[in-house]
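Peer 1: One structure coming up, written as structure tokens, with questions to follow.
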Amino acid sequence: MGSKEMILRLQDVSRMYEQGQETVRALDNVTLSLEKGEFVAIAGPSGSGKTTLLNVAVGLDRPTQGKVWIRDHYLNSMNTHALARLRLEEVGFIFQSYNLVPVLNAEENAELILLLRGVPRQKRKTAVLQILEEVGLAGLEKRRPSELSGGQQQRVAVARAIAAEPALVLADEPTANLDSETALSLLKLMEKLNQEHATTFLFSTHDPRVMKRAHRIIHLVDGRVDRDEPQPSHG
Amino acid sequence: MWIVLKIAWRNLWRKPRRTVLTVVTISLGLALLLIFFGIGDGGHNQMIEAAVRMGSGHVVIQQKEYHAKGGIDRLLDIAQKQRAEEWIRDMEPLFPIQHILMRTYASGLASSSDGSAGVQIIGIEPQSERVASRFDDKLIAGDFLDSMSGNEVILGEGVAQRLDLGVGEKMVLMAQGAGSTEIQSQLVRVKGILRTGLEESDQTLVLLPLAASQEFLNLGEGIHQVAILMSHSGPSTQVAEMGKKRLPSLEVLSWGEAMPELVDFIRIDNGGNYIMNIVLFLLIAFTVLNTLLMSVLERGKEFGLLHSLGLTPIKRFLMILLEATFMAALSGLGGFGIGYALHLYLNIHGLPLDLFYSGELSAVGVTFDPVIYSDLSAGRIFSSLALVFLLTLTLGLAPAWRAARSGNIHLLGRT
Ligand SMILES: Nc1ncnc2c1ncn2[C@@H]1O[C@H](COP(=O)(O)OP(=O)(O)OP(=O)(O)O)[C@@H](O)[C@H]1O
Ligand SMILES: [Mg+2]
């Protein structure tokens, strides 16, 4: 394990929220690290801190205590602008809903990050068409989000996250709005891309069926890592 | 950068009805603004034109202090007249001049068998004055003076009425002559009657051929005034300034200096128009602000998404400003189109004010044409467009700032 490339590292991370008089400890001394190519689920009941963990991991939120690295970037010492830049270069996102810019079609949405990164047009086109094909959306490139089903929209989001070949893809309950059939096929797609592109995935979920497809599960309880275990059935 | 432009443009058409309504409102506001300017400036120019043609001319040359003090003895002699003419000749290639008019002025008394009236006796050169002052249009009885005219006069309508005189009838003019305190008198015959549109003139005007007036008033070859009429009033001040330098011993005045009360009136009238303009601006401002704020507020999630995808706050800020710019551009185009079309119509057909008022229209003694022809300068168009742009962009700043900030809404979870 030690010889592999480190993608994400949290060390003694806590995140406190002031809620009126009392303090909510959304994350409590979390330490964990992810290596290149891992396919990891964060599991835990509602309010256990899954979302907070993902936010803090990519600098959308700052820890109250503790340190965070993405590769060799030390997030604590970066300003908002540098963090935005870092996310653009290193992180792909898949959200639970509202993943796509409504006024852009599937192809343009998938292309967005490449575009913001300044990848030349021809390279962009090729990459996007190929990835849309990979996620099974060939022929639907020109559709706007409102003309796609929920599952198809999530696939566009996956395509966008992958197209830019980020170090880390982050997904907060990516399947929560999908029926279990569609959810499972989205997971299989993510797994396939994880294998083929060696992209690191970190996603949160409630769903036991989704959880089972992860190669490693981190269980959160009250903001603490309760268990962190590999799934023997996988890699 | 292109993507920001693309998203901004498409966002504009996300709620097409709202966008169209906004653009139409701003367009109409701008069109109204242009029309107000066109009618306002048109009306003022017509007043200036009327006053200038009947009164001072665009630029006048006279003896020092003649404007303030008058006096039959403040004459331009032959040498001074020649110097004035030389200057005008030198200047003519730079500023097209239509007419040069020589005049004498005297206050006097006109008497008929029916009574007497105080009058302003003006000696003129019939041929050039007839064309310059468009007297043929204003003659309501008889004929205008001609080169053969001797002791013949043209009366203002009011004078003719008070003295109960008609064309061909005789009357006596009395006035103090130059170089003495003696009162001169002269029997003259009415050749025509005028309605000038200038209230004061109509009540007091008596026109006499220049030569006859010089003889009657003992002026010799002297005159009181050289009036210059140009093709338009624009460069009056500039020309007058040049004259002041070239003819330091004489009094050279622009129409504005000769008729300060007209300048004041126009300034006050413009002030009234500016209040109208402010109301229009507020209307535009409210519409723009409402539309932009609404569209930013309902897109909180979208900004969150763009934020997490790496669209920097500056780009989100720009995006909203671009939306505002597109809106301003469309409105500018629409407003200019409508406004300019209306202006062209009103420039040719005029706006008949007697639709709104009955009776005579007059201000500072100038009775003006009840039909106003719109006059819209490039400067007015440009500044109106610039104002709409500036206003829209300025009002876009707050929503844009919001868009830049609202990206911090976390899209992860918290649904
Ligand atoms: N911005 C905030 N202000 C105050 N409290 C917060 C904030 N964000 C999260 N919390 C609190 O922190 C705790 C963890 O929240 P978090 O959203 O991370 O949980 P979660 O595991 O993602 O839950 P869910 O499964 O419902 O999405 C909760 O008690 C929540 O109320
Ligand atoms: Mg959550």
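The values are calculated or read from the model by the stated rules, or taken from the named source; none is laboratory data. Predicted model, so just to flag it, every value in this text is computed and none were measured. Every residue, glycine as well, gets a Cβ built from its backbone with ideal geometry; the counts of neighbours run over all protein chains shown. With ligands, DNA and RNA removed, areas are computed over all heavy atoms of the protein, side chains included. Shrake-Rupley method; radii C 1.70, N 1.55, O 1.52, S 1.80 Å.
Peer 1: Using the basic label-point model (7 angstrom from Cα toward the beta carbon), what is the B:R195 to B:S111 distance in nanometres?
Peer 2: 3.1 nm
Peer 1: Please label the shape of the range B:229-318 as rounded, prolate or oblate, based on the square roots a ≥ b ≥ c of the eigenvalues of the alpha-carbon gyration tensor (a/c under 1.5 means rounded; beyond that, a/b larger than b/c means prolate, else oblate). Walk me through the numbers before you get to the answer.
Peer 2: Working: a/c = 6.82, a/b = 2.96, b/c = 2.30.
The shape class here is prolate.
Peer 1: For the range A:1-82, which chymotrypsin sites (Phe, Trp or Tyr not before Pro) are in a loop by DSSP, counting at most 10 other Cβ atoms within 10 Å?
Peer 2: Here no loop site has a sparse enough neighbourhood.
Peer 1: Equivalent ellipsoid semi-axes for chain B, as square roots of 5 times the alpha carbon gyration tensor eigenvalues: give them largest first, rounded to whole Å. List each step's numbers first, then the result.
Peer 2: Numbers: eigenvalues 809, 98, 46 Å².
Ellipsoid half-lengths, sorted descending, are 64, 22, 15 Å.
Peer 1: If you don't mind, there's one more thing I want to ask. When the expected Rg is taken as 2.2 N^0.38 Å, what fraction or multiple of it is the alpha-carbon Rg of the range A:135-176? Numbers along the way, then the final one.
Peer 2: Values: Rg = 11.0 Å, N = 42, 2.2 N^0.38 = 9.1 Å.
Expressed relative to 2.2 N^0.38 Å, the Cα Rg reads 1.20.
Peer 1: Right, another one. I'd like the trypsin sites (Lys or Arg not before Pro) in the range A:127-207 restricted to DSSP loop residues with at most 15 other Cβ atoms within 10 Å, sorted by number. Each step should come with its number before you reach the end.
Peer 2: On the way: sites: A:K142, A:R143, A:R155, A:R160, A:K188, A:K192; in loops: A:K142, A:R143.
Answer by residue number: A:K142.
Peer 1: Now, a different point. 5 Å is the cut-off here: which amide hydrogens, built 1.01 Å from N in the peptide plane, fall below it relative to A:R216, excluding neighbours closer than 5 in sequence?
Peer 2: Counting only residues 5 or more places away or on other chains, the set is A:F39, A:A41, A:Q231.
Peer 1: Another question about this same structure. Which one of B:Q63, B:N277, B:I372 has its Cα pushed farthest toward the positive end of the charge dipole of chain B, where Lys and Arg give +1 and Asp and Glu give -1 at the Cβ?
Peer 2: Highest projection toward the positive end goes to B:N277.
Peer 1: Specify the angular offset, from 0 to 90 degrees and rounded to the nearest 10, of the alpha carbon long axis of helix A:180-197 from the longest principal axis of the alpha carbons in chain A.
Peer 2: 90 degrees
Peer 1: Looking at chain B, which longest stretch skips every one of the chymotrypsin sites (Phe, Trp or Tyr not before Pro) that is in a DSSP loop with at most 15 other Cβ atoms within 10 Å, leaving the sites themselves out? Numbers along the way, then the final one.
Peer 2: Values: sites that count: B:W13, B:F356, B:Y357.
With a cap of 15 other Cβ atoms within 10 Å, the longest stretch comes to B:14-355.
Peer 1: Run through all the Cα pairs of the range A:182-229 and give the fraction in each 10 Å bin from 0, expressed as whole percent.
Peer 2: 23, 52, 23, 2
Peer 1: Once both axes come from the Cα atoms, what is the angle between helix B:300-309 and the longest principal axis of chain B, in degrees from 0 to 90, rounded to 10?
Peer 2: Tilt of helix B:300-309: around 70 degrees.
Peer 1: Right, another one. Using only the alpha carbons, work out the radius of gyration and Dmax of the range B:63-119 in angstrom.
Peer 2: Looking at the range B:63-119, its Cα Rg and Dmax stand at 16.7, 52 Å.
Peer 1: So how compact is the range A:6-230: Cα radius of gyration and Dmax in angstrom?
Peer 2: 17.3, 56
Peer 1: Can you run the Rg to Rh ratio on the range B:1-78? Use alpha carbon positions and the Kirkwood inverse-distance Rh.
Peer 2: Working: Rg = 27.7 Å, Rh = 18.3 Å.
With Rh from the inverse mean 1/r over Cα pairs, Rg/Rh is 1.51.
Peer 1: Nothing charged except the Cβ atoms of Lys and Arg (+1) and of Asp and Glu (-1): what's the magnitude of the dipole of the range A:6-230 about its Cα centre? Round to the nearest 20 debye. Working shown, then result.
Peer 2: Values: 28 positive and 29 negative charges, 106 e Å.
It comes to approximately 500 debye.
Peer 1: Please give the average number of partner chain Cβ atoms lying within 10 Å of the Cβ of each residue in A:106-118, rounded to a whole number.
Peer 2: Values: counts 0, 0, 4, 1, 0, 1, 7, 3, 0, 5, 8, 1, 0.
That average works out to 2.
Peer 1: Using a probe radius of 1.4 Å on heavy atoms only, what accessible surface per residue do you get for chain B? Whole Å² is fine. It would help to have the intermediate numbers written out before the result.
Peer 2: Details: 19140 Å² over 415 residues.
Result: 46 Å² of accessible area for each residue.
Peer 1: A further question follows. Magnitude of the Cβ-charge dipole of the range B:57-257, K/R +1 and D/E -1, about the Cα centre, nearest 20 debye? Can you show the working numbers first?
Peer 2: Details: 18 positive and 27 negative charges, 65 e Å.
For this selection, approximately 320 debye.
Peer 1: With N residues in the protein assembly as shown, what two-decimal value do you get for its Cα radius of gyration over 2.2 N^0.38 Å?
Peer 2: Values: Rg = 42.5 Å, N = 650, 2.2 N^0.38 = 25.8 Å.
Normalised Rg, Cα atoms only: 1.65.
Peer 1: Now for a different question. Can you pull out the buried accessible area for chains A and B, both sides counted, probe 1.4 Å, rounded to the nearest 100 Å²?
Peer 2: Working: alone 11410 and 20400 Å², together 29360 Å².
Its buried surface, counting both partners, is about 2400 Å².
Peer 1: Just the accessible area per residue of chain A, please: how many Å² with a 1.4 Å probe? Present the calculation step by step, with values, prior to reporting the outcome.
Peer 2: Working: 10220 Å² over 235 residues.
Dividing the accessible area of chain A by its residue count gives 44 Å².
Peer 1: 222 nm [θ] for the protein assembly as shown, helices only, -39500 (n - 2.57) per DSSP H run of 4+, per residue, to 500?
Peer 2: Details: 22 runs with 307 residues, N = 650.
Computed mean residue ellipticity for the protein assembly as shown: -15000 deg cm²/dmol.
Peer 1: Once the other residues with Cβ under 12 Å from the Cβ of A:A176 are scored (Lys, Arg +1; Asp, Glu -1), what is the net sum? Mind showing how you got there, number by number?
Peer 2: Working: positive: A:K50; negative: A:D172, A:E173, A:D179, A:D207.
Taking every Cβ under 12 Å from that of A:A176, the sum is -3.
Peer 1: So, one more: Loop-only check: which trypsin sites (Lys or Arg not before Pro) in the range A:1-69 are DSSP coil with at most 11 other Cβ within 10 angstrom? It would help to have the intermediate numbers written out before the result.
Peer 2: Working: sites: A:K4, A:R9, A:R15, A:R25, A:K36, A:K50, A:K67; in loops: A:K4, A:K36.
Answer in residue order: A:K4.
Peer 1: Quick one: which of A:K125/A:K212; A:K67/B:K6; A:K123/A:K192; B:K69/B:K244 span more than 27 angstrom between C-alpha atoms? Write out the running numbers ahead of the final one.
Peer 2: Numbers: A:K125/A:K212 35 Å; A:K67/B:K6 39 Å; A:K123/A:K192 23 Å; B:K69/B:K244 19 Å.
Beyond 27 Å: A:K125/A:K212; A:K67/B:K6.
Peer 1: To continue, here is another question. Once neighbouring chains are kept in place and the probe is 1.4 Å, which whole percent of the accessible area of the protein assembly as shown is contributed by carbon and sulfur?
Peer 2: On the way: 16210 of 29360 Å².
The nonpolar share, carbon plus sulfur, comes to 55 percent.
Peer 1: Right, another one. Over the range B:57-257, what is the relative contact order in percent, taking alpha-carbon pairs closer than 8 angstrom and at least six residues apart?
Peer 2: Numbers: 434 pairs, mean separation 71.0, N = 201.
Result for the range B:57-257 is 35 percent.
Peer 1: Roughly how big is the protein assembly as shown's charge dipole about its Cα centre, with Cβ charges of +1 (Lys, Arg) and -1 (Asp, Glu), in debye to the nearest 20? Walk me through the intermediate numbers first.
Peer 2: Values: 63 positive and 69 negative charges, 773 e Å.
Rounded to the nearest 20 debye, it is 3720 debye.
Peer 1: Using Cα atoms only, what is the angle between the long axis of helix B:78-91 and the major principal axis of chain B, expressed in degrees (0 to 90) to the nearest 10?
Peer 2: 30 degrees
Peer 1: What does the net charge come to around A:S185 if you take all other residues with beta carbon closer than 13 Å to its beta carbon, with K and R at +1 and D and E at -1? Before the final figure, lay out the partial values.
Peer 2: Working: positive: A:R155, A:K188, A:K192, A:R209, A:R213; negative: A:D179, A:E181, A:E191.
Cβ neighbours under 13 Å give a net charge of +2.
Peer 1: Quantify how much of the Cα-Cα distance distribution of the range B:57-257 extends past 25 Å, in percent. Walk me through the intermediate numbers first.
Peer 2: On the way: 7359 of 20100 pairs.
For the range B:57-257, the fraction of Cα-Cα distances above 25 Å is 37 percent.
Peer 1: In a GNM of chain A with a 10 Å cut-off on Cα contacts, which of A:D179, A:D61, A:D222 has the highest mean-square fluctuation?
Peer 2: Looking only at A:D179, A:D61, A:D222, the largest GNM fluctuation is found for A:D179.
Peer 1: If amide hydrogens are placed 1.01 Å from N in the peptide plane, which non-local residues have theirs closer than 5 Å to the one on B:A141?
Peer 2: Close amide H contacts, sequence-distant or interchain: B:I193.
Peer 1: Can you give the translational diffusion coefficient of the range B:1-151 in µm²/s, computed by Stokes-Einstein from the Kirkwood radius over Cα pairs at 10 °C and 1.306 mPa s? Display every interim value, and only then the final one.
Peer 2: Numbers: Rh = 21.4 Å.
Reported coefficient: 74 µm²/s.
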